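Q: Take a look at this one; I'll ask things after.
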Amino acid sequence: MEYDKLGKNIRNARKFKNMTQEKLAEKVDISEVFLSQLENGKNKPSLNTMHKISTALGVSIDSLLHNDTDEIALQIETLLKGRTEPEKRFVLRAVVFLLDELSSLDLT
């Protein structure tokens, strides 16, 4: 497991939520020092801590663990968290439409 990548994903999700390390640490019931160590890949979280972090940030554990997760993917997941299935389908259709329109534009 790449703990530095995990830490980066936690940091990106936290910053997207405009949450300080202090606030996230408080929500997860860990110290700010420990959270900083996690975000810097210097420490390993327990499964329970990962669950608390993902819940506090509104993202899945998988998205935090996944090595290819990028900041934009975390932002999209965060925005869709708590939305109904019809709302998610509507957003998907809108994205597909926009991507089709984008492909017809000459952006060079």
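A short reminder: the numbers here are calculations on the coordinates, not readings from a lab. In this text the structure is predicted, and so the values were computed from the model without any measurement.
Q: Per residue of segment 43-49, in order, report the coupling 6.51 cos²θ - 1.76 cosθ + 1.60 (Karplus, θ = phi - 60°) as ³J(HN,Hα) in whole Hz, putting x for Gly and Pro.
A: 9, 10, x, 6, 4, 4, 5
Q: Given the rule -39500 (n - 2.57) for each run of at least 4 DSSP H residues, summed and divided by the residues of the chain, what is its mean residue ellipticity at 222 nm, to the nearest 500 deg cm²/dmol?
A: Here the helix-only value at 222 nm equals -21000 deg cm²/dmol.
Q: List the equivalent ellipsoid semi-axes of the chain in whole Å, largest first, each obtained as the square root of 5λ for an eigenvalue λ of the Cα gyration tensor.
A: Taking √(5λ) for each eigenvalue gives 31, 16, 11 Å, largest first.
Q: Under a straight-distance cross-link criterion of Cα-Cα below 17 Å, which lysines are reachable from K15, leaving out those fewer than 8 residues away in the same chain?
A: Excluding near neighbours in sequence, the set is K5, K23, K27, K52, K81.
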